[in-house]
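Taken together, the values in this text are just the output of simple stated rules run on the coordinates, not laboratory data. Predicted model, so just to flag it, every value in this text is computed and none were measured. Cβ placement follows ideal geometry from the backbone for every residue including glycine, while neighbour counts extend to all protein chains displayed.
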Amino acid sequence: MSEEKDVLILSIESSCDETSAAVVKNGRQVLSNVIHSQIDLHTLYGGVVPEIASRQHIEKINQVIRKALLEAGVTLDDITAIAVTYGPGLVGALLVGVSAAKAIAFATGKPLIGVHHIEGHICANYIENKDLEPPFHCLVVSGGHTHLVYVSDYGSYEILGRTRDDAAGEAFDKVARAIGLGYPGGPKIDKLSDEGDPEAIVFPRAKMADNEYDFSFSGLKSAVLNYLNSCQMAGQEINRADVAASFQKAVTDVLTDHSISAMKRMGLDKLAMAGGVASNRHLRASMKKACEENNIKLYYPSPIYCTDNAAMIGVAGYYEYIKGTRSGYDLNAMPGLKLGER
């Protein structure tokens, strides 16, 4: 009998519009990762409708958990602990996952671990990059968050910069809506940008005087809307591909510059990316070029692990578990949870 017993984490993610469950072995091996996406449903409304998202989670959560266990070839008896996203996110959506996780933990007597959603995104990098270990920097870019984080150790994070207003993904969605692309904006702008000239229109790049690592995309979004309005008032034809490409370049320039600047300042040589926008091809290309020029090793997950999924929560849950983190049955959804809080 081996001394080291495998740690199997059953993880649940329901912070927005994906209902997901996964089984993760020893923090790095994904045995299953089941995701039920609601994207087609919310596309009808041009964005996520919280009440609809919550109801869909209730309908799908048990099916998704059962399928995750089945695909992993394990039962609840084999599971070491239950990990679940408890914030940040939509409160109704979070409550569904938290309630399911608490019920399973109570019924099985297994430990319960509440996981921070952004920590999950950062930990997604450990799944395929077996050599990645702290310390490193991570750029978290998603629909709700834009953070530049110093990862000093597993489960230890320091936020160097964050958005003052719109997150990068949020800006993508709003600009996509303005130029008639619809929801979700990120992938559609990424695709349309291939046909456009990124130098066609000069959009602003915001810099914060009091913290050079903070982000602001509200002014950029307004500049795009003003450009579109001025063209319409003057009766000029709008080249949507040029607008998309120029907007996207402004975003990727800021994300890249801030990240590389932080790397140089702290003398680190490992940079990771995480979150839905981390799957943007133009951002990856921009970051890859900058990292090669500065002898920095770049890490990012496959697209399936960039968007919301339970596998990343299982990885984060594993490192919290071995650190001794445990949650009580009073664990509650915390929609405004900050990284580093518990």
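When peptides 136-144, 156-164, 287-295 are ranked by their average number of other Cβ atoms within 10 Å per residue, the highest-first order is 136-144, 156-164, 287-295. The mean sequence distance of close C-alpha pairs (under 8 Å, at least 6 residues apart), as a share of the length of segment 130-300, puts its relative contact order at 26 percent.
Would you mind calculating the relative contact order of the chain from Cα pairs under 8 angstrom and at least 6 residues apart, reporting the percent as a whole number?
On the way: 753 pairs, mean separation 85.2, N = 342.
The normalised contact order for the chain reaches 25 percent.
Other residues within the sphere of radius under 12 Å centred on the Cβ of ASP214, judged by their own Cβ, net out at 0 (K and R +1, D and E -1).
By how many nm would the segment from ASN332 to LEU76 lengthen if fully extended, with 0.36 nm per residue of separation less the alpha-carbon distance? Please report the intermediate quantities before stating the final value.
Values: separation 256, 0.36 × 256 = 92.16 nm, distance 2.26 nm.
Between ASN332 and LEU76, full extension yields an extra 89.9 nm.
Apply 1/(1 + (r/R0)^6) to the Cβ-Cβ distance of ASP197 and ILE322, taking R0 = 41 Å, and write down the FRET efficiency to the nearest 0.05. For ASP197 and ILE322, the calculated efficiency is 0.25.
From least to most packed, judged by other beta carbons within 10 angstrom and beginning with the fewest, TYR300, TYR150, TYR318 follow the order TYR150, TYR300, TYR318.
Note on GLN232 and LYS289: their simple-model spin labels are 3.3 nm apart, each label 7 Å out from Cα toward Cβ. Each of LEU70, LEU95 was scored by other Cβ atoms within 10 Å of its Cβ. Arranged with the fewest first, they read LEU70, LEU95. Its alpha carbons considered, the chain gives a radius of gyration followed by a Dmax of 20.4, 78 Å. The Cβ shell under 12 Å around ILE201 holds other residues with a net charge of -1, Lys and Arg each +1, Asp and Glu each -1.
Which value, in debye to the nearest 20, gives the size of the charge dipole of the chain about its Cα centre, when Lys and Arg are +1 and Asp and Glu are -1 at the Cβ? Provide the component values of the computation, followed by the final result.
Details: 33 positive and 41 negative charges, 43 e Å.
That gives a dipole near 200 debye.
Number of Lys-Lys pairs in segment 26-177 with C-alpha atoms under 22 Å apart and a separation of 8 or more places or on different chains: 4. Scalar couplings 3J(HN,Hα) for segment 259-275, obtained by applying the Karplus form with A = 6.51, B = -1.76, C = 1.60 to θ = phi - 60°, are 5, 5, 4, 5, 4, 5, 4, 9, x, 8, 10, 10, 10, 10, 10, 8, x Hz; x denotes Gly and Pro. Straight-distance candidates among the lysines for linking to LYS338, with alpha-carbon spacing under 20 Å and chain neighbours fewer than 8 residues away dropped: LYS323. The share of alpha-carbon pairs in segment 130-300 lying farther apart than 25 Å comes to 31%.
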